[in-house]
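Novice: Below: one structure in structure tokens.
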């Protein structure tokens, strides 16, 4: 066996064929007979040659076969937020069918966009970043196919989104039709990784849709993060008040927070929906199996992920694209009922 690390030329010499023939055995097997390819691969295995360097091949072809998904700062968020999981499920379903891989790109701890700037990818999907995030500008500067999901809206870049303002209004009108006049809104602070525009658009859409309601009858509670535990903590003090001094209906800007509100109500002995109605937003899988089942604003997160992937694939094929806007609908379940008398 030759000394040193075997190369493609080492295999070609050992088999007695050209360098191109060995390359074809790995990259264009249809150009060789089955017997020739098997002989080349057998000799390569004997010599310990692992095959062509995929990085070098990518540089030659100017394609990596990989689509980068840019997330908020901490990677675990992608696996703990059910809404993000649904989006990623849709993305991977469509990309895997096209033979492409997915690379998760959490923005670097320095917050300078370097993770996006140096990633070896053919295209990028931005998932719910703040418009001023350095990763957003870094992605736009790459000049690769680009789609955003939820936020940010970038000039001339297709954005997959729903009308969050109108969706929140559906929740408000539903609760007001049930006779509620004292409301609570559970949102998150600016340090949380929940999609940034949720913090303002959804609460505003809810409050602005209420008709004839004194703004003082709307209490806003800020959770420390978009988690079930934080949702529970955000309303614990409110639900400890006497019934006449607390809201009869609460809108949470995500289902995760709304599930926390249900937990808090159960712990405080507040009956849902007889004493308190609760509405969420997103319609994650757990919304329909909670106790009671959660009334929520439905959006098809899985299909949004698939659509983002399709737009990427069309851009990679050289097509110009426009992103569709997804609708919302109210899924009425057992967590809402008539206002208590």
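Novice: Filter the stretch 57-107 down to the residues that are under 22 Å from residue 136 (Cβ atoms), surrounded by fewer than 17 Cβ atoms within 10 Å (Cβ to Cβ) and at pLDDT below 85 and list them by number.
Specialist: 73, 74, 75, 76
Novice: Mind telling me which of the residues 249, 258, 268, 329 ends up being closer than 19 Å to residue 169 by Cβ, outside the structural domain of residue 148 (by TED's automatic domain parsing) and more than 24 Å from the chain's Cα centre (by Cα)?
Specialist: Step by step, each of 249, 258, 268, 329 is checked, and only 249 is closer than 19 Å to residue 169 by Cβ, outside the structural domain of residue 148 (by TED's automatic domain parsing) and more than 24 Å from the chain's Cα centre (by Cα).
Novice: Now a separate question. Look through 211, 186 and report the one residue that is assigned by TED's automatic domain parsing to the domain that holds residue 284, within 25 Å of the chain's Cα centre (by Cα) and in contact (Cβ under 8 Å) with a residue 12 or more places away in the chain.
Specialist: Only one candidate passes the filter, namely 186.
Novice: Please find, among 314, 325, the residue that is surrounded by fewer than 17 Cβ atoms within 10 Å (Cβ to Cβ) and free of Cβ contacts under 8 Å to residues at least 12 places away in the same chain.
Specialist: After applying the criteria, what remains is 314.
Novice: Determine which member of the set 255, 263, 216 is farther than 25 Å from residue 132 by Cα and modelled with pLDDT under 95.
Specialist: Answer to the selection: 216.
Novice: For the stretch 29-48, does any single residue satisfy the condition of being part of a loop (DSSP other than H, G, I, E, B), modelled with pLDDT under 85 and in contact with a helix residue (DSSP H, G or I) (Cβ under 7 Å, 6 or more places away or on another chain)?
Specialist: For the stretch 29-48, residues part of a loop (DSSP other than H, G, I, E, B), modelled with pLDDT under 85 and in contact with a helix residue (DSSP H, G or I) (Cβ under 7 Å, 6 or more places away or on another chain): absent.
Novice: Also, quick follow-up: Only one of these conditions is not met by residue 116: (1) surrounded by fewer than 22 Cβ atoms within 10 Å (Cβ to Cβ); (2) more than 30 Å from residue 298 (Cα to Cα); (3) at pLDDT 85 or above. Which number is it?
Specialist: (1)
Residues are listed down the side, and each one gets a yes or a no for (1) crowded, with 24+ Cβ neighbours inside 10 Å; (2) part of a strand (DSSP E or B); (3) touching a helix residue (DSSP H, G or I) at 6+ places or on another chain (Cβ under 8 Å):
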| residue | (1), (2), (3) |
| --- | --- |
| 237 | no, no, no |
| 267 | no, no, yes |
| 293 | no, no, yes |
| 297 | yes, yes, yes |
| 306 | no, no, yes |
| 318 | no, no, no |
| 338 | no, no, no |
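The values are calculated or read from the model by the stated rules, or taken from the named source; none is laboratory data. This one's a predicted model, so the numbers in the text were calculated from it and none came from an experiment. A quick note on method: Cβ atoms are made from the backbone with ideal geometry, for glycine too, and the neighbour counts reach across all protein chains shown.
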